[in-house]
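What follows is calculated from the coordinates using simple rules that are stated; it is not laboratory data. These figures come from a predicted structure and were not determined experimentally. So basically every Cβ, Gly included, is an ideal-geometry build from the backbone, and we count neighbours across all protein chains shown.
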Amino acid sequence: MNTLSDNAAPRRLSPAAAHSADTGRRAALRMLSAAATAVAMPAGLAACGGGPRNHHTRGHVFGTTVGITIHDASAQRAHELGEAVLAEFDRLHHKFHAWQPGMLTELNASIARGQPFHADAEMAALLQSAALLAERSEHLFNPAIGHLLRLWGFQGGAGRASPDRAELRHWVAANPRLSDLRFNGGRIASVNPAVRLDLGGYAKGYALDRAGAILRAARVPAALVNIGGNVLAIGQPGGMPWQVGIRDPRAAATLATIGLRDNEAIGTSGDYERYVMEGGQRRPHIIDPRTGMPALGTASVTVLASGGADAGLRSDGNSKPLFIVGAARWQSMAGRLALPQALLVEGEGGVAMTAAMRNRLSGRA
């Protein structure tokens, strides 16, 4: 049985040591950023004359800002395709919303009643793919812990301090997992009524892949889709990679810039947008299902996924287990999940990355 306990408090640095670590981090990443920027044309540079240009469509869905940049000669065509992608995002937003009425809330209600639910093929396939990732990640990626997210206030809000610890212990002990689900075609049932699905850490990646399918079917020469920092590249404008910044989790700045090639996606999980302060400590929305507590010690994790029709999904879901295990185990978890390109920023400012990610940031790969 799981027991409830706070995550170990992160090691505190002296002001001088903290300043030194931060300065070293920024210096190293500035050099990486400069090298990466030097090898590719900035994404915002438009072609001269009547050639293809970057056209932008923006919206707000999934609780965040989304943007579609299409590299095309026709502004009208780019606008129409951008609107088609936003319409698809709106459909997915309502279908997979964790607490507003839709197919996912209907499924959760059926699970709570102990009854099967007849979902469509899209819902079943998405949950089955999430279940595979959950298994591979030792169930640290766990979209079944919606009750814990609700107690912390991260469903529908910025979070709340000091949720009832007895309730947290109850839902941790109930041990909800995606492996509790049983699939029979579109029929979904759960052997554990404590399962409450929240796909907030997975649906954005799926939405990126759906946007990619729409734009590729329309044969756009190049496009960049951004859902709150989860980004998918399609093609390359002018034959050059799209330039995408990796956010500094502790400042309004960019840590590094990376060139995204065709069918590459980058996703970041961080503690800087949805969190609650408790006892002077930042507690992010990423919950460790083993404890019911927000994962501490990690500021952000960035994952780069390449190739396949599910690059968006892989860039989104895979960052959560690395964030939870933190500096001590992130490299072994990255290996377990077959993630050659990943970067972790510790809460204290230290930066670590895989060799393949270092090569990408330095322009050597």
Report summary line: Answer in debye to the nearest 20: the dipole magnitude of the range 110-237 about its Cα centre, from +1 Lys/Arg and -1 Asp/Glu charges placed on Cβ, is 100 debye
Query raised in the report: Non-local amide H neighbours of His97 (under 5 Å, H modeled in plane, Pro and chain starts lacking H): which ones?
Result: Leu104
Report task. Using Cα centres only, tell me the gap between the range 48-98 and the range 269-283 in whole Å. Result -> 31 Å
Report task. Please report, in debye to the nearest 20, how large the charge dipole of the chain is about its Cα centre when each Lys and Arg carries +1 at its beta carbon and each Asp and Glu carries -1 there. Result -> 540 debye
Report summary line: Projecting the Cα atoms of Gly82, Ile227, Ala98 onto the charge dipole of the chain, where Lys and Arg contribute +1 and Asp and Glu -1 at Cβ, the residue farthest towards the positive end is Ile227
Query raised in the report: Hey, can you list the DSSP H helices of the chain whose Cα span along the axis is 27 Å or longer and whose average Kyte-Doolittle score is at least -1.0?
Result: 15-38, 75-95
Query raised in the report: Taking Cα pairs under 8 Å and at least six residues apart, what relative contact order does the chain come out at, in percent?
Result: 21 percent
**Report entry** the range 196-302, dipole about Cα centre (Lys/Arg Cβ +1, Asp/Glu Cβ -1), debye to the nearest 20
**Finding:** 140 debye
Query raised in the report: So what's the net charge close to Met103: Lys and Arg +1, Asp and Glu -1, counting the other residues with Cβ under 13 Å from its Cβ?
Result: -1
Query raised in the report: If one computes the Cα centroid of the range 122-144 and of the range 300-328, what distance in Å separates the two points?
Result: 13 Å
**Report entry** Whole-Å distance, taken between Cα centres, linking the range 99-113 and the range 241-267
**Finding:** 35 Å
